[in-house]
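Visitor: The structure's right below; bear with me while I get my questions together.
The values are calculated or read from the model by the stated rules, or taken from the named source; none is laboratory data. As the structure is a prediction and not an experimental result, all values here were calculated from the model. Don't worry about glycine lacking a Cβ; one is built from the backbone with ideal geometry, like all the others, and counts go over all protein chains shown.
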4 protein chains.
Amino acid sequence: MPGYTHLFTPGPTNIPEVVRQSMNLPMEDMRSPTFPDFTLPLFADIKKIFQTETGRVFIYPSSGTGAWEAAITNTLNPGDKVLMSRFGQFSHLWADMAARLGLDAEVIDVEWGAGVPVEAYASRLAADKGHAIKAVFCCHNETATGVTSDIAAVRVALDDAGHPALLFVDGVSSIGSIDFRMDEWGVDCAVSGSQKGFMLPTGLGFLGVSQKALHASKAATMRRCYFSFDDISRANDSGYFPYTPPTQLLRGLRVSIDLLLAEGLPNVFARHRRLAEGVRKAVDAWGLKLCAKEAKWQSDTVSAIVVPDGIDSAEVVRRAYHRYQISLGVGLAKVAGRVFRIGHMGSLNEVMVCGAIAGAELALIDAGVAIKPGSGVGAAIEHFSLTPHHAALAAAA
Amino acid sequence: MPGYTHLFTPGPTNIPEVVRQSMNLPMEDMRSPTFPDFTLPLFADIKKIFQTETGRVFIYPSSGTGAWEAAITNTLNPGDKVLMSRFGQFSHLWADMAARLGLDAEVIDVEWGAGVPVEAYASRLAADKGHAIKAVFCCHNETATGVTSDIAAVRVALDDAGHPALLFVDGVSSIGSIDFRMDEWGVDCAVSGSQKGFMLPTGLGFLGVSQKALHASKAATMRRCYFSFDDISRANDSGYFPYTPPTQLLRGLRVSIDLLLAEGLPNVFARHRRLAEGVRKAVDAWGLKLCAKEAKWQSDTVSAIVVPDGIDSAEVVRRAYHRYQISLGVGLAKVAGRVFRIGHMGSLNEVMVCGAIAGAELALIDAGVAIKPGSGVGAAIEHFSLTPHHAALAAAA
Amino acid sequence: MPGYTHLFTPGPTNIPEVVRQSMNLPMEDMRSPTFPDFTLPLFADIKKIFQTETGRVFIYPSSGTGAWEAAITNTLNPGDKVLMSRFGQFSHLWADMAARLGLDAEVIDVEWGAGVPVEAYASRLAADKGHAIKAVFCCHNETATGVTSDIAAVRVALDDAGHPALLFVDGVSSIGSIDFRMDEWGVDCAVSGSQKGFMLPTGLGFLGVSQKALHASKAATMRRCYFSFDDISRANDSGYFPYTPPTQLLRGLRVSIDLLLAEGLPNVFARHRRLAEGVRKAVDAWGLKLCAKEAKWQSDTVSAIVVPDGIDSAEVVRRAYHRYQISLGVGLAKVAGRVFRIGHMGSLNEVMVCGAIAGAELALIDAGVAIKPGSGVGAAIEHFSLTPHHAALAAAA
Amino acid sequence: MPGYTHLFTPGPTNIPEVVRQSMNLPMEDMRSPTFPDFTLPLFADIKKIFQTETGRVFIYPSSGTGAWEAAITNTLNPGDKVLMSRFGQFSHLWADMAARLGLDAEVIDVEWGAGVPVEAYASRLAADKGHAIKAVFCCHNETATGVTSDIAAVRVALDDAGHPALLFVDGVSSIGSIDFRMDEWGVDCAVSGSQKGFMLPTGLGFLGVSQKALHASKAATMRRCYFSFDDISRANDSGYFPYTPPTQLLRGLRVSIDLLLAEGLPNVFARHRRLAEGVRKAVDAWGLKLCAKEAKWQSDTVSAIVVPDGIDSAEVVRRAYHRYQISLGVGLAKVAGRVFRIGHMGSLNEVMVCGAIAGAELALIDAGVAIKPGSGVGAAIEHFSLTPHHAALAAAA
């Protein structure tokens, strides 16, 4: 039967029906007198998802990559020294961008499968008595390897060193799915996008900015216009945008934020944890390994799974796609051919995750991997049966 | 996460995306000069799904129940003797309707789990030398018990007896999913509806009628107006309807018929067979039994599964619904509390079926049934891995 | 630019965006445990649109024609005498149905352009001392001629005669748009459908039934099953249906009823009156006549406009459709070729009505009618400018 | 009746139904093996709308403003001298951007209501013997004032001067609606966006780039990453994007391009001309003036209409919005309060334009402007009746 595939990529994610309904609409005038009645509460409520009260969140017509660029160009100056780490395709790309935009990026390379090297950061910051480092960059959840890093610990390292550097976090595949606390962790620029935990189509880049980052932007000399904090701040203050915004996605964002807040962020995070754990039990039952080297790195939004030697993970993904109409994530860059990824982020429940695991089993077996049929799904089902349902957690909360 | 559930009921079934898109539209004028350009080819193409060239298919704004009534009221006379059989909720309801509409229905009761008693029909027809029996009724696929009957054999029985009775078939949950040959089997009235193999919302009742049935309607004296063959024939001949038709569903029907014809009916049937077999392997691996008593009765569109003694199947369905957002079919009437049903009909593939089986496992375990987690899904996956993919069958055809 | 046309037919009508969104959804299980949570309030709220507290409203998967049949077959007996009147295509069709379903219909023919002959009814009822007449039929709004009748006066006639006949009203193109008071007027069967004032796709027939009609159904002997009050009452009482209902349309109905109640029925009626008056001013400015013979007959939901001699109204409609992508209503039966119709019912405002009038002007001029360009639209604009806006009426209410 | 308004802004424009249907879909994997089968033909076909064979068109997840920035940052160097002109809000904003991005912009101010000063450009270019001017900027259609400029003449000026400067054109509100010939006019960077002539939601910025511009980008030293030609060229070459693209809008773009090509660009342009002329006749009949100073400047996609002294045009727009649910364009910047705008761009026909004019009449009268009701609509209808229908033009072509 022809048609669209089942989506288990780590973004874009599945769009809930009520969100989809809300975006099935005619265009509207973004200069209408009532537009601010819609946007101003939206600007207020997206802050709750970033867990910030003191900062603000800009919504750009762009992908998350645009929000990366917005963070850099608005707050830093050409030649500024920044501290970064690289352990997957997305942390790699951000480092690449930093260099291309003229920063003096000190990049610590970490084995793919681990995350932000907090100790190395701490010693580097402690040593930087002159505060040459202007910003510290962290990829909260590396989507390529399924690795989550400890941002709170980076904040501690900064504080312990008494270091004033800005803290930049890529939360594209964590915010709205994995606990992310912008204010508590003192994050200055928090990047996200619409097509992950926000359960929307691609097209909106989100950037949480602290007052410190806003202040830094006043003196920052990098050239920018489209992503300018000044332009968007001024327009947003009255409920408008400096250019025509994607109103359709904004209407969807209203509903997706409502869904997240209705479920409650702690319950959203618990659900992701529970579903992710089911996938991990399956991987274990298959006798395979995650790309994430240690349990502490394991991501609750995406699992990157290493295939046995002699197997091409791209072939697993292709078979899943063509034979079973299921989209899994391919291995990117360094891990191309060696891992495939199951996204378990956004609008998902146990049955969908079991479908994804079953689809992966089918594709793995077809590709010649010797796994016992049902072993993975069975392990997940066992996990889901034995542990409290997230609705119970929600009720207990 | 709130939202609609995963649907594994034996109707309504999942709507393919292209069908859903086609129905997201404004209303149109059903008297427009170009409306027949749309309807006349539609009327021609729906005949292909019924596998009839000599008959015609009426599309009523009604459920399938309306098409049952249309068949009876247009072709029979008050007091007419008809031969029926009853072995599930739907064959039961049709027999009830026949009596209420004034027919003299001779109903053969068969154990639920078996189907049309062909031998009993044959002897009854052979004995009816005076041709008192005006119509023979068969439920091709009893949705309540997951039982498919042998319509071709009923035709043989009629022919062997040289009996002129009309042959009425309820194909609501078979046509478009299980091989149904209106012309070859000499079916005179073939009932179906939009929300099963046609993968549409409820709202259209279909009635395939043979020339013999059309001829019978000329003399039939039962009162009818809304479902009158005369009215709909006359209007349909010029591409219109005798009342305002549900144009939205007609637009969807155009696309769903296109999908079925593009896949090819033999491939559609093979896909249903393969997916159904996966479900049956799962039931077997769970150590449970189907309601269908013998392999020959097993339906390729719905499996009714008997739960162990002491378990309430309604509770299984409720847990599946509330905890896992998956809609399974409840047990109806005589088998209420004793069976639950998995629909595997319409727009489905292996991954969706594995999701349904996994959801059933979760609900069964929660309800206290001792099954090994993953056993059912594993058996299905094994079946899907070892047997040729339906796409291969399609390519070979 | 290809695409669907602008719809100014007297049904189907335009679907408001929120209603359309609500119907863009996957299928759901109509036997789910939570389904009654949705249906029971819906059954209660649709009664508000019929303005009945003591009766109930059945929702059939059918067109309005099905609800006509439901009214007759559930409450009357073969051979029953009924009093009807005929003054347009729809009152004609209902009379035709009554005869075909076996009633002894006394039909008073009235010139097309007038409505229910209340005085004739009154004298006929007064003369019927033996209460041979079992039901009185009225077409509240004859869609073919744009004529509204006085149902309250018919009730007075019945009461004055002390006559116990049932009162049947076709409110297909009035209920939800023109004031219709089921309880106050003592209507026993009130017929409507989804595609008019309810602003939905075709596919639901509505039948409001009084307790008197429900009581009559207990003894009524006409054969029925699909439309049986008993079956639908019993199932509806617990929130379900006797067959698979069109859940998609029910979801839409929930929203359309919410819209009507939020606007307030008196405001809905005032809006229709105001917009209709604009159309009537335009017709007057064109120098054309309405089919409605007197002001008291003029319908607030549809205007049937007589074209000058020598002009074919069907040609006007065809030109409008092909050149300007606007669907006007054709003249039906007796007035075919002589009238065209503008529907002004449902989700409409001044701008849309002006578009309809402008489109009609364009088509009339193209067809050779000598009208001054802008005269009709100008008259409507003048009316809309000089009279209080319906929002003002709403605020004042 | 609550709901979305009628949209007659000069962008966003109305979305045709088939485009809207195509975007009502689940998300898909932008790294799927079949994604290039979709994108590569799309990249080829969008070039046809830009009328370029030798260039390429980049599709950015951004508004048109992003494409402005992409043009500048990829092809020019900090401090480069560029020649610009300013005669409305959008030409003003582009000049502002050029300065902020570090260009040495020589901006010729022109009275609002006129367009690109070709003679001034010509003499300036002729005088620039040293070719200090690296690029010449033109706003093809100034959306704020409804003024279209003569790009072909600018090309002549460049050629006459033998000047090698790049030619940048803002075609946001012209491309796909007004004849725009990228190759023939030697345009090097042509900016557009999804929400105007492309009849899509906002969210895609389009940039047509010539081989000369691509070549210039190799040596250009402005910092850029998100909008980098290199990154998007490399990814697009294989059918992918350097970040997650808005697949939903790309699916819609496929359909909107198909619509434009099916109608035929010359017919699309003729339709816009005819509809615009209707609006201009209406303005004339009202006794009002366009912002465009001379007939040669009049835009076929938007008319900016000057209100009489003593009237606040913002009040006209507000009344139209609140009382008649119609969105007109407000006056921007210098002409705020003095003009309002009617967009007549994208998916529109005569009836819709008459609705817009009627809505404007209603709002003007309400705001106290003394115009004869129907005068404007009448003039438009007269124009539409007397001139060949664009379908006739299409047939004759």
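Visitor: (1) over 25 Å from the mean Cα position of the chain (by Cα); (2) at pLDDT 95 or above; (3) more than 9 Å from every other protein chain (Cβ to nearest Cβ): which one isn't true of A:Gly343, the others all being true?
Guide: (1)
Visitor: Which ones in segment C:157-207 are farther than 17 Å from C:Gly55 by Cα and β-branched (Val, Ile, Thr)?
Guide: Listed by number, the residues that qualify are C:Val172, C:Ile178, C:Thr202.
Visitor: Quick check on this structure: which one of A:His140, A:His131 is at positive phi and not charged (D, E, K, R)?
Guide: Matching residue, one of A:His140, A:His131: A:His131.
Visitor: Right, here's the next one. Kindly indicate whether B:Ser375 is within 23 Å of A:Ser327 (Cβ to Cβ), within 11 Å of chain A (Cβ to nearest Cβ) and surrounded by fewer than 24 Cβ atoms within 10 Å (Cβ to Cβ).
Guide: no
Visitor: Let me confirm something: among C:Ala152, C:Ala144, which residue is out of contact with any strand residue (DSSP E or B) (no Cβ under 6 Å at 6 or more places or on another chain) and assigned to a loop (DSSP other than H, G, I, E, B)?
Guide: C:Ala144
Visitor: Quick check on this structure: which one of C:Gly11, C:Gly55 is in contact (Cβ under 8 Å) with a residue 60 or more places away in the chain and under 15 Å from the mean Cα position of the chain (by Cα)? Reasoning before the result, please.
Guide: Working: C:Gly55 fails: under 15 Å from the mean Cα position of the chain (by Cα).
Testing whether each residue is in contact (Cβ under 8 Å) with a residue 60 or more places away in the chain and under 15 Å from the mean Cα position of the chain (by Cα) leaves just C:Gly11.
Visitor: Looking at this structure, is C:Arg100 over 21 Å from the mean Cα position of the chain (by Cα) and more than 14 Å from every other protein chain (Cβ to nearest Cβ)?
Guide: Working: over 21 Å from the mean Cα position of the chain (by Cα): yes; more than 14 Å from every other protein chain (Cβ to nearest Cβ): no.
So C:Arg100 does not fit the description; no.
Visitor: Continuing with the same structure: How many residues does segment A:98-109 hold that are surrounded by fewer than 20 Cβ atoms within 10 Å (Cβ to Cβ) and not basic (Lys, Arg)?
Guide: 7
Visitor: Continuing with this model, one more query. Looking only at residues that are touching an Asp or Glu at 6+ places or on another chain (Cβ under 8 Å) and under 26 Å from C:Arg20 (Cβ atoms) in segment B:10-49, which one is farthest from the other protein chains (Cβ to nearest Cβ)?
Guide: For segment B:10-49, the residue satisfying everything is B:Phe35.
Visitor: Give me the residue from segment D:245-287 that is free of Cβ contacts under 8 Å to residues at least 60 places away in the same chain and either within 24 Å of D:Val330 (Cα to Cα) or polar (S, T, N, Q) (or both) and, out of that set, surrounded by the fewest Cβ atoms within 10 Å (Cβ to Cβ).
Guide: D:Arg273
Visitor: Scan segment A:126-139 residue by residue and report those that are surrounded by fewer than 22 Cβ atoms within 10 Å (Cβ to Cβ), among the aliphatic types (A, V, I, L, M) and in contact with an Asp or Glu (Cβ under 8 Å, 6 or more places away or on another chain).
Guide: Across segment A:126-139, the qualifying residue is only A:Ala126.
Visitor: Still on this structure: Which of the helices (runs of 4 or more DSSP H) found entirely inside segment C:304-397 contain at least 1 residues meeting this: closer than 16 Å to D:Cys354 by Cα?
Guide: The helices (runs of 4 or more DSSP H) meeting that bar are C:313-324, C:350-366, C:375-386.
Visitor: Is at least one residue of segment C:70-87 facing another protein chain (nearest Cβ under 7 Å), buried (at least 24 other Cβ atoms within 10 Å of the Cβ), modelled with pLDDT of 95 or more and more than 25 Å from C:Arg341 (Cβ to Cβ)?
Guide: No.
Quick grid of which residues meet (1) away from chain B (no Cβ under 14 Å); (2) under 25 Å from B:Trp94 (Cβ atoms); (3) out of contact with any Pro (no Cβ under 8 Å at 6 or more places or on another chain):
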site	(1), (2), (3)
C:Gly203	no, yes, no
C:Val209	yes, no, yes
C:Lys218	yes, yes, yes
C:Ser233	yes, yes, yes
C:Gly264	yes, no, yes
C:Ala270	yes, no, yes
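Visitor: Quick check on my filter: what residues within segment B:33-67 are surrounded by fewer than 19 Cβ atoms within 10 Å (Cβ to Cβ) and hydroxyl-bearing (Ser, Thr, Tyr)?
Guide: B:Thr34, B:Thr54
A quick yes/no check of all residues on (1) free of Cβ contacts under 8 Å to residues at least 12 places away in the same chain; (2) under 13 Å from the mean Cα position of the chain (by Cα); (3) in the same structural domain as B:Ser62 (by TED's automatic domain parsing):
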| site | (1), (2), (3) |
| --- | --- |
| B:Lys129 | yes, no, yes |
| B:Cys139 | no, yes, yes |
| B:Thr143 | no, yes, yes |
| B:Leu158 | no, no, yes |
| B:Phe168 | no, no, yes |
| B:Ser173 | no, yes, yes |
| B:Arg181 | no, no, yes |
| B:Gly186 | no, no, yes |
| B:Lys218 | yes, no, yes |
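Visitor: While we're on this one: Does any residue of segment D:302-312 turn out to be within 12 Å of chain A (Cβ to nearest Cβ), under 16 Å from D:Gln89 (Cβ atoms) and without any contact (Cβ under 8 Å) to a residue 40 or more places away in the chain? Show your work before the answer.
Guide: Filtering segment D:302-312 for residues within 12 Å of chain A (Cβ to nearest Cβ) gives none.
No, because not a single residue in segment D:302-312 is within 12 Å of chain A (Cβ to nearest Cβ), under 16 Å from D:Gln89 (Cβ atoms) and without any contact (Cβ under 8 Å) to a residue 40 or more places away in the chain.
Visitor: Confirm whether A:Glu17 is within 26 Å of A:Val279 (Cβ to Cβ), surrounded by fewer than 21 Cβ atoms within 10 Å (Cβ to Cβ) and either of a type outside the set (Ser, Thr, Tyr) or under 17 Å from the mean Cα position of the chain (by Cα) (or both).
Guide: On the way: within 26 Å of A:Val279 (Cβ to Cβ): yes; surrounded by fewer than 21 Cβ atoms within 10 Å (Cβ to Cβ): yes; either of a type outside the set (Ser, Thr, Tyr) or under 17 Å from the mean Cα position of the chain (by Cα) (or both): yes.
Answer is yes for this residue.
Visitor: Could I ask something else about it? Quick one: which residue in B:Leu362, B:Leu328, B:Leu348, B:Leu332 is facing another protein chain (nearest Cβ under 7 Å), within 29 Å of B:Phe90 (Cβ to Cβ) and aliphatic (A, V, I, L, M)?
Guide: One residue alone meets the criteria, B:Leu362.
Visitor: Among (1) touching a Phe, Trp or Tyr at 6+ places or on another chain (Cβ under 7 Å); (2) outside the structural domain of B:Arg31 (by TED's automatic domain parsing), which single condition is B:Phe227 missing?
Guide: (2)
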